[in-house]
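> One structure is given below, represented as C-alpha cells, and several questions about it will come after.
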Amino acid sequence: MNHIDYLQSKFENLDLVNSSFHELPLSLHIKLQDEFYQLDDQGEINLEYFKKVYDSAINMFDELFNESDVLYLVTVVRIEKPLTKPLGLYSKFTSKSNNYRLKTFKEFDEDGQTIQFSLETRKKDIAYKKMIKAICNQDFKELTPRFTDKLVTYPEVFFINKYKGLIFHIYDDRGAFILFNDEKVHKDFNIKYSTLLRRE
C-alpha cells in the first residue's frame, strides 16, 4: 500500500496537495514556541529561539513516533521545470537502503508539475532530528542544516504514522499541524498541547 491509498483508506481521501489542515476537525495547529522572536534586539538571528523550536518539534516527533512504528516520509514539491532525479533530502537524511524504495507520484497543470515523493520506512532509518532542523531553518539561509536542492527550495514534508493513524507536518519554524483519524487520540493530544495551540 502506498501513502495515497493509505490516506484514502484512513483519512477519507485526504489529498496532501490540495487539502487544508486548517479545515479538518481532527487537526491541531501547534506553535513550536512562544517565548522568543526569530531575531534578537540587534536584528541578528536569535539562536535561543531556534533551539526552543528544534527541541519542541523533535520532542513532538518522539512522542508521536515510536522506534518500531512504520511511517511514510512524504515530500510535496511544486516546480516549473522537470525534476529529473529524486530530492536530495532522501539521500542526505535517510539510510542508503531507503533509496531503492522511494516512490514518485506526479501531477501536471498549467502552473507546472507537482510531485509527491514517498518512502515507507522506520524512525531509526531516517535522520529525523537533522531533517526537522532543516525544515525549521528553510527561511534563514545562515542556519544549517538546510535543504539544498537547486530547483526545490521549500519542499513540504509530512511524517505519516502508518500504525497510529496520524500525520505530523511542520511547515516552518513558526508551527506544525498534527492530524488524527481517531477522535479520542485527538482529544488526548488537544489537552496535552493545550498551551501551544494556535487559536485562529
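> Can you name the residue in the stretch 162-184 that is exposed (fewer than 15 other Cβ atoms within 10 Å of the Cβ) and of a type in the set (Asp, Glu) and, of all such residues, is nearest to residue 76 (Cα to Cα)?
For the stretch 162-184, the residue satisfying everything is 182.
> Can you pull out the residues in the stretch 69-100 that are at pLDDT 80 or above and either farther than 17 Å from residue 6 by Cβ or part of a helix (DSSP H, G or I) (or both)?
Answer for the stretch 69-100, where residues must be at pLDDT 80 or above and either farther than 17 Å from residue 6 by Cβ or part of a helix (DSSP H, G or I) (or both): 77, 78, 92, 93, 94.
> Return the residues of the stretch 2-54 that are closer than 24 Å to residue 189 by Cα and part of a strand (DSSP E or B); say none if nothing qualifies.
The answer is 27, 28, 29, 30, 31.
> While we're looking at this one, here's another question. Report yes if residue 115 is among the β-branched types (Val, Ile, Thr) and at pLDDT below 85, otherwise no.
no
> Also: Taking residue 27 as the residue in question, decide whether it is touching a Leu at 6+ places or on another chain (Cβ under 7 Å) and hydroxyl-bearing (Ser, Thr, Tyr).
So residue 27 passes the test.
> I'd like to know if the stretch 5-21 contains one or more residues that are in contact with a His (Cβ under 8 Å, 6 or more places away or on another chain), under 16 Å from residue 197 (Cα atoms) and in contact (Cβ under 8 Å) with a residue 12 or more places away in the chain.
yes
> Got a sec? Which of 48, 35, 23, 44 is modelled with pLDDT under 90, surrounded by fewer than 18 Cβ atoms within 10 Å (Cβ to Cβ) and out of contact with any helix residue (DSSP H, G or I) (no Cβ under 9 Å at 6 or more places or on another chain)?
Sole residue among the options that is modelled with pLDDT under 90, surrounded by fewer than 18 Cβ atoms within 10 Å (Cβ to Cβ) and out of contact with any helix residue (DSSP H, G or I) (no Cβ under 9 Å at 6 or more places or on another chain): 23.
The values are calculated or read from the model by the stated rules, or taken from the named source; none is laboratory data. Please read these numbers as outputs of a predicted model, since none were measured by experiment. A quick note on method: Cβ atoms are made from the backbone with ideal geometry, for glycine too, and the neighbour counts reach across all protein chains shown.
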